[in-house]
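The values are calculated or read from the model by the stated rules, or taken from the named source; none is laboratory data. Remember, it's a predicted structure, so these values are computed and weren't measured experimentally. When we count neighbours, we look across all protein chains shown, and the Cβ atoms used for this are built from the backbone with ideal geometry, even at glycine. In case anyone asks, the SASA skips ligands and DNA or RNA and just uses the protein heavy atoms, side chains included. Shrake-Rupley method; radii C 1.70, N 1.55, O 1.52, S 1.80 Å.
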Amino acid sequence: MHRDCIAIRLRLPGLVVLGVKETARWIEVTAQYERREGVCPRCERSTWQVHQWRLQRKRDAKLWGKEVWLALFKRRFHCRRCGKVFTEPDPVCGPRRRTTQRLRSTVARRAREGTVRSVAREEGVSEGLVERSWVEAYAMVAAPSQPHVFLGLDGFCVRRPGRMWTGMWDLESGKAVAVVPGERQADVERMLERHASRESVRAVVIDLSEAYRQALELVLPEVAIVADKFHVLALAGRALHEVRGETRRPGNLAWLLQRGAEKLNQAARARLLQARSADPRLARAWGLKEALREVYRKKGWEEAAAALANWIEEAERSDLRPFRRTAATLRRWQQEVLNYWRYPLTNALVEGKHNRIKALKRRGYGYRNNR
Ligand SMILES: [Zn+2]
């Protein structure tokens, strides 16, 4: 009964469970594949003739908090027609893998939420396995059902702190197109060459990364590059934080300063006003942060262009070095920032991406059906 229960819980398709050993810390399941014949990879003839058996130990996802090991008996077939000896396929684990597909997708899913380190510790596997599983799960590229028109590129890290990765998303479907290690220009160029076609892609939303921009200008010279709105606004948030270096905690002054003015209640507004009148430098920094948010409320490109140019000049003239630096950055990215008014797209979460795309289509902004 218990043994059947484990077999059911494991959901290992195509496997027959031969035995189960269980201790306080681990469970070992001995199994073999149900099928009795193999198809020769060379001549495609079916064969029943087993040349030999091999026992392989594979790691599976935890069950009831216990480590699960799969002791898998695999057949080596001998083809009677052409003489080839071959191992039966292993869809539960994949070719030459020491772990089950299920373990890898479990840790990959959990690595989206937690850190690589914590997932590795909880599952009792190496950090390398978690990282590779994550890439295996999310870098898998499905052939697009229609050509990509709007893409997003952004950098992120799987392991904190750790190496950076670059993800490319289709902003219409909200799905990953490709994920590659690295964020250098060469990494991104290779990715674009493989997955983005000059004929169909019209706009690409990116972080303010010089490497991304240069890769795009080289591989997709016609495409509109859009600086991601949230990355632009984050620049002003960081500059404000530098002017007043205090860690943000719910309700404290640093938190009040970063929050959108319209989201504050009356008491919070009063506190903020008091803090600003006590510290004119802080007041100017806060004003610049809010003014940049105001730029994004402009309705059309021309209005936005004027507001952004004003903002840059004002920040350049200010006595606040972090904002002068932000102004210099935005001067270099002015065109890409303003492309947002031609293509109001961002790399925000999938749900948000969908709404943006809908809004874009409704407004008929630069969208054309390519088929
Ligand atoms: Zn054969």
**Report entry** Positive dipole terminus of the chain, leading residue within 134, 182, 105 (C-beta point charges)
**Finding:** 105
Query raised in the report: For the stretch 231-341, what is the largest minus smallest coordinate of the Cα atoms on each principal axis, given in angstrom and ordered from greatest to least?
Result: 37, 27, 21
Query - For the stretch 80-107 versus the stretch 13-43, the gap between their alpha-carbon centres in whole angstrom - result: 11 Å
**Report entry** Estimated 222 nm signal from helices in the chain, with DSSP H stretches of n ≥ 4 weighted -39500 (n - 2.57), rounded to 500
**Finding:** -13500 deg cm²/dmol
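Per residue, how many Å² of accessible area does the chain show with a 1.4 Å probe?
Here the residues of the chain average 55 Å² of exposed surface.
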Requested in this report: For residue 303 paired with residue 30, estimate the spin-label separation in nm (one decimal), with each label point 7 Å from Cα along the Cα-to-Cβ line.
Outcome: 7.6 nm
Query - Among 259-270, 15-26, 288-299, the order from most to least packed when residues are scored by Cβ within 10 Å on average - result: 288-299, 15-26, 259-270
Requested in this report: First select every other residue whose beta carbon is under 12 angstrom from the beta carbon of residue 303; then total the charges, Lys and Arg +1, Asp and Glu -1.
Outcome: +1
Report task. With the full set of protein chains in place, find how many percent of the accessible area of the chain is carbon and sulfur; take the probe as 1.4 Å. Result -> 49 percent
Query raised in the report: Using mean Cβ contacts within 10 Å as the protection proxy, how do 38-46, 180-188 order, highest first?
Result: 180-188, 38-46
Report task. Grab the Cα-Cα distance for residue 264 and residue 97, subtract it from 0.36 nm times how many residues apart they are, and report the gain in nm with one decimal. Result -> 54.7 nm
Report task. Please work out the ratio of the alpha-carbon Rg of the chain to 2.2 N^0.38 Å and round it to two decimals. Result -> 1.33
Requested in this report: Tell me which residues come under 5 Å, amide H to amide H, from residue 178 once H is placed; ignore anything under 5 positions away on its chain.
Outcome: 168
Query raised in the report: Based on Cβ point charges of +1 for Lys and Arg and -1 for Asp and Glu, what charge dipole magnitude is obtained for the chain about its Cα centre, in debye rounded to the nearest 20?
Result: 1200 debye
Report summary line: Pseudo-spin-label distance residue 273 to residue 254, built 7 Å along Cα→Cβ, given in nm, is 2.6 nm
Report task. Hey, can you grab everything whose amide H is under 5 Å from the amide H of residue 320? Only 5+ residues off in sequence or another chain; H modelled, so Pro and N-termini drop out. Result -> none
Query raised in the report: Within a Cβ distance under 12 Å of residue 188, other residues only, what is the Lys/Arg minus Asp/Glu net charge?
Result: -4
Report task. Calculate the dipole size of the stretch 271-356 relative to its Cα centre from +1 charges on Lys and Arg beta carbons and -1 charges on Asp and Glu beta carbons; express the result in debye to the nearest 20. Result -> 200 debye
Query - Length-normalised contact order of the chain in % [C-alpha pairs under 8 Å, at least 6 apart] - result: 10 percent
Query raised in the report: Projected onto the charge dipole of the stretch 231-341 (+1 at Lys/Arg Cβ, -1 at Asp/Glu Cβ, origin at the Cα centre), which of 329, 291, 243 gives the Cα projection farthest towards the positive end?
Result: 243
Query raised in the report: Among rounded, prolate and oblate, which fits the stretch 2-94 when a ≥ b ≥ c are the square roots of the eigenvalues of its C-alpha gyration tensor, a/c under 1.5 means rounded, and a/b larger than b/c means prolate?
Result: prolate
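Provide the gained length on full extension for the span residue 74 to residue 51, in nm with one decimal, where the gain is 0.36 nm per separating residue minus the Cα-Cα distance.
7.2 nm
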